[in-house]
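Here's the structure, in structure tokens; my notes come after.
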Amino acid sequence: MRTDDPAHPLSDSWVVAVHASEHDFTPLGTAVVFAHDRVLTCAHVVLSHDATRDELWVAFPKVSGCPRRRVATVNTSQAPPVKDLAVLILSEPVPVGVEAARLRCPRPADLLGKAWWAYGFPNGDPIGNSADGLVGESLSYGWVRLDTESRYV
């Protein structure tokens, strides 16, 4: 775990990979555990041709040996490009060892110049990677611009 990066969390067990089946290794995208049976992701990750995918599973790749969980319900809020959210309700609680992320809701202007860190699965990469940087601008509709000089963007 990195200790020289102020944005890197001490624990990242809340990182989730969203999958189209129970056993595939190509993630559709990433998500964040925020409650014992709920994860937050982007709506475009779980939609296919404007409809929710028939089957969705989540993996917990930052915690060794955790079994996947089936997604029981999907609630989306989508109005591209402004709204792109989905809450996935799991069929059972997250495995032991997976902790919910600490979520906050700051005003975008309060984040200017602050460090950020993210973990994801770009282009379906099954291993994933992180990126970091500074919040460079407060945009409209609650969005911010994330500036980075990360080697892996």
Segment 106-153 to segment 25-73: how many Å between their Cα centroids?
20 Å
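Quick one: ranking ARG102, ARG68 by accessible area, 1.4 Å probe, largest first, what do you get? Spell out each step's value before the answer.
Numbers: ARG102 195, ARG68 50 Å².
So, going from the largest accessible area down, we get ARG102, ARG68.
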Around LEU28, which amide H atoms from residues at least 5 apart in sequence, or from another chain, sit under 5 Å from its own amide H, with H modelled in the peptide plane?
VAL18, HIS19, ALA20
Neighbour net charge for ASP37 - beta-carbon separation under 13 angstrom, K R +1, D E -1
+2
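Can you compute the charge dipole magnitude of the chain about its Cα centre, using +1 on each Lys and Arg Cβ and -1 on each Asp and Glu Cβ, nothing else charged? Give it in debye, rounded to the nearest 20. Write down the numbers at each step before the final one.
Working: 14 positive and 18 negative charges, 60 e Å.
Using only the charged Cβ atoms, the result is roughly 280 debye.
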Projected onto the charge dipole of the chain (+1 at Lys/Arg Cβ, -1 at Asp/Glu Cβ, origin at the Cα centre), which of GLY142, SER21, VAL58 gives the Cα projection farthest towards the positive end?
GLY142
Mean 1/r over all different Cα pairs, inverted: what Kirkwood radius does segment 7-86 give, in Å?
13.2 Å
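Which value in deg cm²/dmol, rounded to the nearest 500, describes the helix-derived mean residue ellipticity at 222 nm for the chain, given -39,500 (n - 2.57) per DSSP H run of n ≥ 4 and division by the residue count?
-500 deg cm²/dmol
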SER77: net charge of surrounding residues, Cβ under 15 Å, Lys/Arg +1, Asp/Glu -1, itself excluded?
0
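Using heavy-atom solvent-accessible surface (probe 1.4 Å) with all chains present, what is the largest-first order of GLU55, GLU99, GLU149?
Values: GLU55 70, GLU99 110, GLU149 185 Å².
I get GLU149, GLU99, GLU55, largest accessible area first.
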Which of rounded, prolate, oblate describes segment 1-137, given a ≥ b ≥ c as roots of the alpha-carbon gyration tensor eigenvalues and a/c under 1.5 marking rounded, otherwise prolate only if a/b is larger than b/c?
oblate
Taking H as built 1.01 Å from N, whose amide H comes closer than 5 Å to the amide H of GLU99, not counting residues under 5 places away?
SER13, TRP14
Can you compute log10 of I(q)/I(0) for segment 96-153 with the Debye formula, treating each Cα as one identical point scatterer, at q = 0.19 Å⁻¹?
-0.84
So for TRP143, TRP14, what's the accessible-area order with a 1.4 Å probe, most first?
TRP143, TRP14
Most fluctuating residue of THR41, THR52, THR30 in a GNM of the chain with Cα springs under 10 Å: which is it?
THR52
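The values are calculated or read from the model by the stated rules, or taken from the named source; none is laboratory data. Since this is a predicted model, take the numbers as computed values, not measurements. For neighbour counting, all protein chains shown are included, and Cβ atoms are generated from backbone atoms with ideal geometry for every residue, glycine included. Side chains are part of the model used for accessible areas, which takes the heavy atoms of the whole protein and leaves out ligands, DNA and RNA. Shrake-Rupley method; radii C 1.70, N 1.55, O 1.52, S 1.80 Å.
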